[in-house]
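**Student:** Below is the structure I would like to discuss, written out as structure tokens.
Coordinate-derived values only; no laboratory data. If you're wondering where the values come from, they're calculated on a predicted model, not measured in any experiment. Here the Cβ is made from the backbone with ideal geometry for all residues, glycine too, and neighbour counts use every protein chain on show.
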Amino acid sequence: MSMTRQDPLAFVAEEIEDLKAKHLYRPLRVMSSQQGPTVTLDGREVISLSSNDYLGLTHHPRLRQAALEAVREFGVGSGAVRTIAGTMSLHEALEAELAEFKGTAAVLTFQSGFTANTGVIPTITGEADLIVSDALNHASIIDGMRLSKAPRKVFPHKDVEALREILRGAAEDGRPDGSGPYRSILVVTDGVFSMDGDIAPLPGIVEAAEAYGAAVFVDDAHASGVLGRNGRGSVDHFGLHGRVAIQVGTLSKAVGVLGGYVAGSEALRELLIQRARPFLFSTSHPPAVVAACREAIRVMEEEPQLIERLWSSTKRFKAELTRLGFDTGRSETPITPIIVGESEAAIRFSNRLFEEGVFATSGVYPTVALDQARLRTIVTAALTDEHLDRALEAFAVGGRELGLVAG
């Protein structure tokens, strides 16, 4: 007697169908060109407003040349994790240059900004510590906190007074089990929030933390290359050097290459080398990546016109979207959300823009709340005035057709 074998993972396909029914399913678009102001997606050339390549460094000739030279000299891979045989002189040089750029004692690089957060948070916190987090912090921060055994409290987005109250209570009451004060309190915030484009009130956060003996941790993924002198980030933007204990950054966005880093004290770097699991169990960056990252830092310091162009284009784009009647939320940076509400509307609008030759990806749950679906756009330094003109015309046409703005 034969028996029909049932698929024990049949629920996976059911989950996909449920996502499609709720308008939360987004297929991957395939790029067959280099990253840049225009790209070829699914065989169609479109203006890109969805890249994190803020300064246009992904295709910068100086970075290309640095990567090619590194491959010729060092090969294509490092061969091992850094604690075994994968630490090259290139890695040490990049970290020294990043530390100088960020104004910190030391830096340790990771394979991504995500692994930097999931590496550092559980390494430096445990059951005796407290983590206090902004409600809209990035998913990588949330996952880093979940990997830690430390209890955590959440304050409403950018609400410094609520943060102060949490810190006051933690300092006065100590650990909930009555075993004494917390060993440490870590206040964690994004520098720039990735879906809304607003900037953390870092001076107020730092002042509140200092009042109650807490350390401040800033994820500067979307502030790196955008805020501060030559893109040094939010700590530099607010003049808070020496008052923020830990800065996490990415090498995959404005830097234009790949990776993440943790900037702080020498002791922090040494502890992460010994204990951070993503560092201990992942092969180090290939030589081409490291060399391109090093060159990117030089470009950011030597070509300030890129950041100037980024901001001038951003201001123009935001002003025109507002004039057309779009809701761009609380954005203060090149991340400009166009909030439409329903997931189906966001996906339809994104698809309509694609037909007009503009790629602006939709953001739906779980990246944002169910009723806050949006198009998440980023203006980059590589976009010309002509690109922006064409993109804004597409927004006007699509927005009117779908009833998102007045005709």
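**Student:** For a quick check: sort Asp7, Asp190 by the number of other beta carbons within 10 angstrom, fewest at the front. Could the numbers behind the result be given before it?
**Tutor:** Numbers: Asp7 8, Asp190 27.
So the ranking, lowest neighbour count to highest, is Asp7, Asp190.
**Student:** Take the residue pairs Lys22/Lys318; Lys149/Lys318; Lys158/Lys315; Lys102/Lys149 and return only those whose Cα atoms are more than 32 Å apart. Provide the component values of the computation, followed by the final result.
**Tutor:** On the way: Lys22/Lys318 30 Å; Lys149/Lys318 42 Å; Lys158/Lys315 23 Å; Lys102/Lys149 30 Å.
Pairs exceeding 32 Å: Lys149/Lys318.
**Student:** Given H placed 1.01 Å from N in the peptide plane, which residues other than close sequence neighbours of Arg175 have an amide H under 5 Å from its amide H?
**Tutor:** So Arg175 has HN proximity to Gly180, Tyr182.
**Student:** Please work out the Cα convex hull volume for segment 126-221 and give it in Å³ per residue. Kindly include the intermediate steps, with their values, before the conclusion.
**Tutor:** Working: hull volume 7.8 nm³, N = 96.
In segment 126-221, the Cα hull volume divided by residue count equals 81 Å³.
**Student:** Follow-up. Tell me, what does the Kirkwood hydrodynamic radius of segment 268-407 come to in angstroms if you use every pair of distinct C-alpha atoms?
**Tutor:** Numbers: mean 1/r = 0.0568 Å⁻¹.
This gives a value of 17.6 Å.
**Student:** I've got another one for you. Tell me, what are the semi-axes, in whole angstrom and largest first, of the equivalent ellipsoid of segment 61-302 as set by the roots of 5 times the Cα gyration tensor eigenvalues? Write down the numbers at each step before the final one.
**Tutor:** Working: eigenvalues 209, 79, 36 Å².
The three semi-axes for segment 61-302 are 32, 20, 13 Å.
**Student:** Using only Cα atoms, what Kirkwood radius does segment 1-84 have, in angstroms?
**Tutor:** Working: mean 1/r = 0.0554 Å⁻¹.
Answer for segment 1-84: a Kirkwood hydrodynamic radius of 18.1 Å.
**Student:** Which whole number in µm²/s is D for segment 72-140 by Stokes-Einstein, with the Kirkwood Rh taken over Cα pairs at 37 °C and 0.692 mPa s? Could you put the intermediate results ahead of the total?
**Tutor:** Working: Rh = 14.7 Å.
The estimated diffusion coefficient comes to 223 µm²/s.
**Student:** Here is a follow-up. Using a cut-off of 14 Å between alpha-carbon atoms, which aspartates and glutamates can reach Lys253, once sequence neighbours fewer than 8 places away in the same chain are excluded?
**Tutor:** Asp53, Asp219, Asp220
**Student:** Hey, fewest Cβ within 10 Å first, where do Leu19, Leu24 land in order? Don't jump to the answer; show the numbers that get you there.
**Tutor:** Working: Leu19 14, Leu24 17.
By the 10 Å Cβ count, ascending, the order reads Leu19, Leu24.
**Student:** Please give the peptides 288-294, 321-327, 135-141 ranked by average Cβ packing (other Cβ atoms within 10 Å per residue), highest first, as a rough proxy for protection.
**Tutor:** Values: 288-294: 24.9, 321-327: 15.4, 135-141: 19.0.
Ranked by mean Cβ neighbours within 10 Å, highest first: 288-294, 135-141, 321-327.
**Student:** What is the chain by shape, rounded, prolate or oblate, if you read a ≥ b ≥ c off the alpha carbon gyration tensor as root eigenvalues and call it rounded for a/c under 1.5, prolate for a/b larger than b/c, and oblate otherwise?
**Tutor:** Note, shape of the chain comes out rounded.
**Student:** Hey, another quick one. Hand me the chymotrypsin sites (Phe, Trp or Tyr not before Pro) from segment 224-285 located in a DSSP loop with no more than 16 other Cβ atoms within 10 Å, in residue order please.
**Tutor:** Phe281
**Student:** Rounded to the nearest 5, what is the percent of antiparallel bridges among the DSSP beta bridges in the chain? Kindly include the intermediate steps, with their values, before the conclusion.
**Tutor:** Values: 24 of 42 bridges.
Beta bridges within the chain, antiparallel portion: roughly 55 percent.
**Student:** By its C-alpha gyration tensor, with a ≥ b ≥ c as the square roots of the eigenvalues, how is segment 282-352 shaped: rounded for a/c under 1.5, else prolate for a/b larger than b/c, else oblate? Please report the intermediate quantities before stating the final value.
**Tutor:** Working: a/c = 3.78, a/b = 1.67, b/c = 2.27.
Oblate is the answer for segment 282-352, as a/c is 1.5 or above yet b/c matches or exceeds a/b.
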